[in-house]
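Read the structure below first, then the notes.
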Amino acid sequence: MTAAICIGECMVELRPVDDGHLKRGFAGDAFNTAVYLKRGAPDIEVAFLTATGDESLSDAMVETWRAEGLSDRLVFRIPGERPALYLIETNAKGDRKFHYWRSETPAKQWLRQLLAAGGAEVLNKADLVYVSGISLAILSYADRQAAIHLLESLTTRVAFDPNIRPALWKSMEEAKQTFEAMAKCATILLPSRQDYQLLYGMDDPDEQIHFTAGLTQKSDACEIALTCDEDGCRLRAGDQTVALPTQASRVVDTSGAGDSFNGAYLAARLHGKPPLEAAKDGLALAAKVVAQPGAIIPR
């Protein structure tokens, strides 16, 4: 059976609703990607690899994962811990603002728990391993280096979304080093234009694609699907780069746009679709997601 593993953090999400109250949900970039990957490929086992607590919020969180069809066999429960929380707000343009309470998140322990459970042996049983920059940023420096080394050692495909969040990094130099190390070992790169703006002050998508291709060890074997907000996507597969327009006609909330693109793209690739068709699937799903509130829209 085809299998994928998505590594990262899931948090309690609080979102304002029409009556002024807050609605509770669960979200996080790697989790969102896992959900959309599973929805796009229900025949594929999608395991969410994380660490969380053992109290009622964590119980509710795990039940939500199961309800989405995700495997929880790689969810490590840490006694006495509880998940991180964030509050999200959006303006009239659908742009997001986040307020986080995550300093003690148990997800910081995902690598140590994974290594104790078998490390590379566990990951290499999957056909694809997905990890984001946030998944790595929440680790200590030593654990992050160990995680990169582990990912470099894998024989299975690795997909990486930099998803740069400056507040999570001690310095942008650490973020750059992590991105460049992952660009060398990943076979599927899923960056956004904003990642390069934050890391390098680089705005032109074609320049970003060219720069990234130069970082990869085997550029002809690496796929780069660069999301560019209202400008759609730049896809580089082999030595060809193609610009694809956005499919979004209405934007209510950009939460989860990149995650949904990633999930649909990876589902298509695991089903054997070529990168161009996978990118089109990603843009189509992202257009549906940004037209509704919330990072994870109803099925």
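The values are calculated or read from the model by the stated rules, or taken from the named source; none is laboratory data. Nothing here was measured: the structure is a model prediction, and the numbers come from that model. Note that we place each Cβ from the backbone using ideal geometry, even for glycine, and neighbour counts take in every protein chain shown.
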Residue 167: passes all of (1) modelled with pLDDT under 95; (2) closer than 22 Å to residue 35 by Cβ; (3) hydrophobic (A, V, I, L, M, F, W, C); (4) part of a helix (DSSP H, G or I) but (2)
If you scan segment 100-136, which residues turn out to be surrounded by 22 or more Cβ atoms within 10 Å (Cβ to Cβ) and either part of a helix (DSSP H, G or I) or among the β-branched types (Val, Ile, Thr) (or both)?
105, 106, 107, 110, 111, 114, 123, 129, 131, 133, 135, 136
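Here's the yes/no breakdown for (1) within 20 Å of the chain's Cα centre (by Cα); (2) among the aromatic types (Phe, Trp, Tyr); (3) within 21 Å of residue 98 (Cα to Cα):
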{"residue": "229", "(1), (2), (3)": "yes, no, yes"}
{"residue": "244", "(1), (2), (3)": "no, no, no"}
{"residue": "263", "(1), (2), (3)": "yes, no, no"}
{"residue": "270", "(1), (2), (3)": "yes, no, no"}
{"residue": "274", "(1), (2), (3)": "no, no, no"}
{"residue": "292", "(1), (2), (3)": "yes, no, yes"}
Return a yes/no flag: does segment 241-251 have any residue that is touching a Gly at 6+ places or on another chain (Cβ under 9 Å), at pLDDT 95 or above and either under 27 Å from residue 43 (Cα atoms) or buried (at least 21 other Cβ atoms within 10 Å of the Cβ) (or both).
no
Which one is nearest to residue 269 (Cα to Cα), of the residues in segment 164-186 that are buried (at least 16 other Cβ atoms within 10 Å of the Cβ) and either among the acidic types (Asp, Glu) or touching a strand residue (DSSP E or B) at 6+ places or on another chain (Cβ under 8 Å) (or both)?
186
Give the number of residues within segment 187-212 that are in contact with a Ser or Thr (Cβ under 8 Å, 6 or more places away or on another chain), within 14 Å of residue 160 (Cα to Cα) and either part of a helix (DSSP H, G or I) or among the small types (Gly, Ala, Ser) (or both).
1
It is to be established whether one or more residues within segment 62-81 are surrounded by 21 or more Cβ atoms within 10 Å (Cβ to Cβ), aliphatic (A, V, I, L, M) and within 25 Å of residue 290 (Cβ to Cβ).
yes
Being in contact with a strand residue (DSSP E or B) (Cβ under 7 Å, 6 or more places away or on another chain), among the aliphatic types (A, V, I, L, M) and at pLDDT 95 or above is the filter here, so list the residues in segment 1-46 that pass it.
3, 4, 5, 7, 30, 34, 37, 44, 46
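Being in contact with an Asp or Glu (Cβ under 8 Å, 6 or more places away or on another chain) and in a helix (DSSP H, G or I), is that true of even one residue in segment 67-78?
The answer is no, given that none of the residues of segment 67-78 is in contact with an Asp or Glu (Cβ under 8 Å, 6 or more places away or on another chain) and in a helix (DSSP H, G or I).
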Looking at segment 13-40 only, could you name the residues that are of a type in the set (Gly, Ala, Ser), farther than 14 Å from residue 299 by Cα and either over 14 Å from the mean Cα position of the chain (by Cα) or part of a strand (DSSP E or B) (or both)?
20, 25, 27
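For (1) closer than 14 Å to residue 131 by Cα; (2) at pLDDT 95 or above, each residue gets a yes or a no:
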residue: 148; (1), (2): yes, yes
residue: 152; (1), (2): yes, yes
residue: 155; (1), (2): no, yes
residue: 163; (1), (2): yes, yes
residue: 175; (1), (2): no, yes
residue: 178; (1), (2): yes, yes
residue: 194; (1), (2): no, yes
residue: 215; (1), (2): no, no
Given the conditions (1) closer than 29 Å to residue 97 by Cβ; (2) in contact (Cβ under 8 Å) with a residue 12 or more places away in the chain, every one holds for residue 177 apart from (2)
